[in-house]
Amino acid sequence: MTDEPQVKMSPLCQIIERDGHAVSVEIYEDGEGGWILEAVDKFNNSTVWDDHFKTDKDALGELIATIEQEGIACLVASASWQ
């Protein structure tokens, strides 16, 4: 029997809503001292950043900057995309 490693989630995880869309912000440790950023839409599609972040605050800052620059819709798939 193997034990699954525990994933350490950031306390900065949250739901962000803008312009009628919402994404679940998931920030978790990568096991090497960095943080992974993932945004999950209502259809359970996820966007995961390739680069890992030094801190969880850096990861959240990147997500907010992306939403401000490109709009939240860039993180949300349409129902027809399913």
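Structure data summary
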item: Count - residues of the range 13-48 that are surrounded by fewer than 16 Cβ atoms within 10 Å (Cβ to Cβ) and in contact with an Asp or Glu (Cβ under 7 Å, 6 or more places away or on another chain); result: 3
item: Condition check for G33: closer than 27 Å to Q6 by Cβ and of a type outside the set (D, E, K, R); result: yes
item: Index of the failed condition, S10 passing every other in (1) polar (S, T, N, Q); (2) surrounded by fewer than 17 Cβ atoms within 10 Å (Cβ to Cβ); (3) more than 11 Å from L75 (Cα to Cα); (4) under 14 Å from the mean Cα position of the chain (by Cα); result: (2)
item: Candidate set: the range 49-79, residues that are small (G, A, S) and free of Cβ contacts under 8 Å to residues at least 24 places away in the same chain; chosen: the one surrounded by the most Cβ atoms within 10 Å (Cβ to Cβ); result: G61
item: A65 vs. criteria closer than 15 Å to L12 by Cβ and part of a strand (DSSP E or B); result: no
item: Hits in the range 31-72 (condition: among the hydroxyl-bearing types (S, T, Y) and within 10 Å of the chain's Cα centre (by Cα)); result: S46, T47
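Throughout, read-outs are computed from the coordinates displayed, never taken from laboratory work. On a predicted model such as this, the values are computed, not experimentally measured, just so you know. FYI the Cβ positions are ideal-geometry reconstructions off the backbone, even for glycines, and counts take in every protein chain you see.
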